[in-house]
Amino acid sequence: MERCEMRNVENCPVTATLGVIGGKWKMLIIYMISNDINRFGKLSMMLKDISKQMLTTQLRELEQDGLIERVIYPEIPPRVEYFLTPKGKALAPVMAALKDWGNEFLL
């Protein structure tokens, strides 16, 4: 495994990755969307402790970082769904490893 230069963690790929997917909610949101929970209301119900404002912010950041895409269907009322982009789907092995680690050491 390649190591980060500890004197310059700002240029470390781990630091950069955590800047995109770090925090309390982003990986959970990505996990939910990867399991076809891709509408705002359903995400909000599943993630009970997140405020609607925080969910909106996190979804926008994930979209800006190219991990999810937002699709608006031209219906009345408009239906909005979120999907993983190829960049977001590339996190599947990371999520699987986190799930395996949690099953082994926490549950």
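None of the figures in this text is laboratory data; all of them are computed from the coordinates on show. As the structure is a prediction and not an experimental result, all values here were calculated from the model. Note that we place each Cβ from the backbone using ideal geometry, even for glycine, and neighbour counts take in every protein chain shown.
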FRET efficiency for Arg79 and Met27 from the Cβ-Cβ distance with R0 = 22 Å, rounded to 0.05, comes out at 0.30
So Leu98 and Glu10, fully extended at 0.36 nm per residue minus their Cα-Cα distance, gain in nm 29.3 nm
Over the Cα atoms of the chain the radius of gyration and the largest Cα-Cα distance (Dmax), both in Å, equal 15.7, 55
Expressed as a whole-number percentage, the relative contact order of the chain with C-alpha contacts under 8 angstrom and at least six residues apart is 22
